[in-house]
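Student: I have a structure here, written as structure tokens, and I will follow up with some questions on it.
The values are calculated or read from the model by the stated rules, or taken from the named source; none is laboratory data. Keep in mind that this is a model prediction, so the values were computed, not measured. Backbone-built Cβ (ideal geometry, glycine too); neighbour counts: all protein chains shown. Side chains are part of the model used for accessible areas, which takes the heavy atoms of the whole protein and leaves out ligands, DNA and RNA. Shrake-Rupley method; radii C 1.70, N 1.55, O 1.52, S 1.80 Å.
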Amino acid sequence: MRFSFNADAEIAPETSPKTSLPARVTELSLQGCFLETSASFEEKHQVLLKIRDAAETFEAEAVVLYTRPTGLGLIFREVKPRHREVLQMWILKALDRQLEAQQIPG
């Protein structure tokens, strides 16, 4: 399940981590995300991803699953336990927001 998400991010080729490019996360799931970015990577390209939201940072090794004119769909390949916890917390908050939005005022 994907959730709307809005956070700053950086993406870099796995082979050249210091050449990161700015991006914005607009969708997030436990398995991957969609990045709005002008960065151009081919499908199956391995990348390093860093997402920042408030005081939390998430980092993962990822693979480009698909490309769109507005950005990239990524699937997470390797996530360290500490970053997995951050991701799970963000997903739970997004789920809470979605459920609150669906509730009909009584």
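Student: So if R0 is 22 Å, what FRET efficiency would residue 70 and residue 19 give, r being the distance between their Cβ atoms, rounded to the nearest 0.05? Display every interim value, and only then the final one.
Tutor: Working: r = 21 Å, r/R0 = 0.97.
Efficiency at R0 = 22 Å is approximately 0.55.
Student: Quick check: at a probe of 1.4 Å, how many percent of the accessible area of the chain sits on carbon and sulfur atoms? Before the final figure, lay out each step's value.
Tutor: On the way: 3440 of 6760 Å².
Of all accessible area on the chain, carbon and sulfur atoms account for 51 percent.
Student: Give the accessible surface of the chain per residue, rounded to a whole number of Å², with probe radius 1.4 Å and ligands, DNA and RNA excluded.
Tutor: Details: 6760 Å² over 106 residues.
I get 64 Å² per residue for this part.
Student: With r defined as the distance between the Cβ atoms of residue 40 and residue 80 and R0 fixed at 22 Å, what FRET efficiency is calculated, to the nearest 0.05? Present the calculation step by step, with values, prior to reporting the outcome.
Tutor: Working: r = 27 Å, r/R0 = 1.24.
It comes out at approximately 0.20.
Student: Sort out the exposed loop trypsin sites (Lys or Arg not before Pro) in the chain (DSSP loop, at most 16 other Cβ within 10 Å) and tell me the longest stretch that has none.
Tutor: On the way: sites that count: 2, 18, 44.
Maximal segment without exposed cleavage sites: 45-106.
Student: What figure, in Å² to the nearest 10, do you get for the accessible area of residue 67 with a 1.4 Å probe and non-protein molecules left out?
Tutor: 60
Student: Take the alpha-carbon centre of segment 1-32, take the same for segment 59-99, and report the distance between them in whole Å.
Tutor: 7
Student: Mind giving me the FRET efficiency for residue 56 and residue 103? R0 is 35 Å, r the Cβ-Cβ distance, nearest 0.05 is fine.
Tutor: Efficiency computed from Cβ-Cβ geometry: 0.85.
Student: Extension gain residue 88-residue 6, at 0.36 nm per residue separation less the Cα-Cα distance, in nm?
Tutor: Working: separation 82, 0.36 × 82 = 29.52 nm, distance 1.54 nm.
Fully extending the segment from residue 88 to residue 6 adds 28.0 nm.
Student: Follow-up question, since we're still on this one. Going Cα to Cα from residue 44, which aspartates and glutamates come in below 14 Å? Please leave out same-chain ones fewer than 8 positions away.
Tutor: Within the straight-line limit of under 14 Å, residue 44 reaches these aspartates and glutamates: 14, 61.
Student: Additional query: With axes computed from alpha carbons, what is the tilt in degrees of helix 81-102 against the longest principal axis of the chain, rounded to the nearest 10 within 0 to 90?
Tutor: For 81-102 against the chain, the angle is about 40 degrees.
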